[in-house]
Amino acid sequence: MSTINRGLRNNRSIRNNPRKSLAAFAPATVGNVAVGFDILGFAIQGVGDHVRVEKISEPKVEIASIEGVVTELPFDPLQNTASRSLMKMREKLDLPYGFRISIKKGIPLASGMGGSAASAVGAVVAANGLLSKPLKVANLLEFALAGENLTSSQDSHADNIAPCLFGGLQLTSGARRLSSIPCPQSILCVLVHPDIQIETKAARSLLKSEISLRQHVLQSARLAGFLVGCINNDMDLIQESMCDIIIEPQREKLIPGFQEVKSAAILAGALGVSISGSGPSVFAWVNGPSKAKKVKVAMEMAFAAKGLTSTSWISRISKRGAQISK
């Protein structure tokens, strides 16, 4: 019997979890990671969403509150990634009760930092803790993906969901096949969010449906080199490989001053720079904290030169995904 089916059986039992409410923290993520469009993502420290889920007797899912850096999200359960995820969970597990959700957003709206994924993952992790027999983390993936589908014009990919749920640098080959990629301990991510918004659907609509054979071969080689560089702690190979020739050139026009920001970061010592998810946030990988500080300042100043204020973070690749919080 599958884990999901065992969960269904146990959650129909008369045994009840005495906890009525739990909160989870879900970290921000960087999707695509330059050469891994729709298949690579990693979690960062220090910024994310807090989602509290309360078990209610009515067999429904509802949004009680939305606060934090974003408040203009839908309260309609069918239109919110957190509630859609729990609706999928209720349906799959045939739960006789419902959930009430309170969201405190720490991730800016349409920032390319995995905000929709964080709300969905935070909700399912918190709700899972309220089940009579919580499921394994791997079995929460399909519920969170059901919510993430709202942000895309087609079936969603797990490049934000997977690192948000499991932490670390995650490679997804198919929605439910994941591989955790080891990452050099000295690597730091500098993530800079300019004060503009880019909707995922709009950014995806710009992309061409076909690429040349040459582009495919070169990008595949760079993806392979990047992964091998991470696994072997080879900074030179990471630096040589971390260059996107397919997606970044099509999307950079949405980010004022992108090339100037990228050039400034490279001159300050970054190994590689690219767009975080759909943008407008831009991330850099840096080897060591002293260089990271210089890269952060250089990127901020480049955005400022284009008249854009920005918020930035320096973070290690977080090995922790979403966690139950107080």
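The values are calculated or read from the model by the stated rules, or taken from the named source; none is laboratory data. Bear in mind the structure is a predicted one, so any value in this text is a computation, not a measurement. Note that each Cβ is placed from the backbone with ideal geometry, even for glycine, and that neighbours are counted across all protein chains shown. Quick note on the areas: whole protein, heavy atoms, side chains included, nothing else; ligands and nucleic acids left out. Shrake-Rupley method; radii C 1.70, N 1.55, O 1.52, S 1.80 Å.
Stretched out straight at 0.36 nm per residue, the stretch from ASN232 to LYS201 would grow longer than its current Cα-Cα span by 7.6 nm. Its Kirkwood hydrodynamic radius, worked out from the mean inverse distance over all distinct Cα pairs, puts the range 96-231 at 17.2 Å. Among the lysines, which have Cα under 19 Å from the Cα of LYS92 when same-chain residues fewer than 8 positions away are ignored? Straight-distance partners of LYS92: LYS55, LYS60, LYS133, LYS136.
Counting only the Cα atoms, the range 184-249 fills a convex hull of 114 Å³ per residue. Residues in the range 38-142 average 36 Å² of solvent-accessible surface per residue, probe 1.4 Å, ligands and nucleic acids excluded. Overall, the accessible surface of the range 190-318 at a probe of 1.4 angstrom is composed of carbon and sulfur to the extent of 54 percent. Going by the alpha-carbon gyration tensor, a ≥ b ≥ c the square roots of its eigenvalues, is the range 182-326 rounded (a/c under 1.5) or, if a/c is not under 1.5, prolate (a/b greater than b/c) versus oblate? Cα axes put the range 182-326 in the rounded bin. Subtracting the Cα-Cα distance of GLU72 and GLN323 from their residue separation scaled by 0.36 nm leaves 87.9 nm. Here the range 99-160 exposes an accessible surface that is 49 percent carbon and sulfur, computed with a 1.4 Å probe and the other protein chains kept in place. In the chain, the alpha-carbon atoms span a convex hull of 126 Å³ per residue.
Spread over its residues, the convex hull of the C-alpha atoms of the range 271-320 is 90 Å³ per residue.
Stokes-Einstein, applied to the Kirkwood radius of the range 90-141 over Cα pairs at a viscosity of 1.002 mPa s and 20 °C, places its translational diffusion at 172 µm² s⁻¹. Taking 25 Å as the straight-line reach from the Cα of LYS208, the lysines in range (excluding those fewer than 8 positions away in the same chain) are LYS253, LYS262.
Calculated FRET efficiency, SER186 to ASP38, Cβ-Cβ distance, R0 = 30 Å: about 0.65 to the nearest 0.05.
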